[in-house]
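> Input: one structure, supplied below.
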Amino acid sequence: MAWFRRRQEPRAAAGRAVDRADLEYLAEFVRTRKGVEAFIEPRTNVTETTVLLVAHDGEWTRRRTETPEIARRWAHQLSVPIYDVRLMGYPQRMRDFNERRKRRPAEES
């Protein structure tokens, strides 16, 4: 039995550097939408630290980042307000956007 094996780091968090394309994608999201705010999502056993961007209408995207500090510096460079999702929670407009997106296919049928 393997009850006392040492836990290994999650595969996703094996130290892979953040891709430049990820940062460029996030910057493009900021440039092409209004009222974008950033939220830092903490690392879990399954995922690495991520940055969640939410636009004024609730449209959102997320990409991984190496550390919360890198995410904060990135957001500061683009003049995007950044929050810790553990303290602030997810914005209601994001939940509303997801709900609208869920209902849309049913309405079109």
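> Between S79 and T44, 0.36 nm times their residue separation minus their Cα-Cα distance comes to what?
Gain on stretching S79 to T44: 9.9 nm.
> Continuing with this model, one more query. Have a look at the DSSP beta bridges in segment 20-108 and tell me what percent are antiparallel, nearest 5.
75 percent
> Just check segment 43-85 against the gyration tensor rule for me: Cα atoms, a ≥ b ≥ c as the square roots of the eigenvalues, rounded for a/c under 1.5, and otherwise prolate or oblate depending on whether a/b exceeds b/c.
Oblate is the answer for segment 43-85, as a/c is 1.5 or above yet b/c matches or exceeds a/b.
> Where in segment 20-58 does the amide nitrogen come within less than 15 Å of the point 7 Å from the Cα of R100, taken along Cα to Cβ?
Label zone hits: 33-36, 54-58.
> Continuing with the same structure: Rounded to the nearest whole Å³, what is the per residue volume of the convex hull around the Cα atoms of segment 20-108?
Value for segment 20-108: 116 Å³ per residue.
Each value in this text was obtained by applying a stated rule to the coordinates, not by laboratory testing. Owing to the predicted nature of the structure, the values given are computational and were not obtained by experimental measurement. For neighbour counting, all protein chains shown are included, and Cβ atoms are generated from backbone atoms with ideal geometry for every residue, glycine included.
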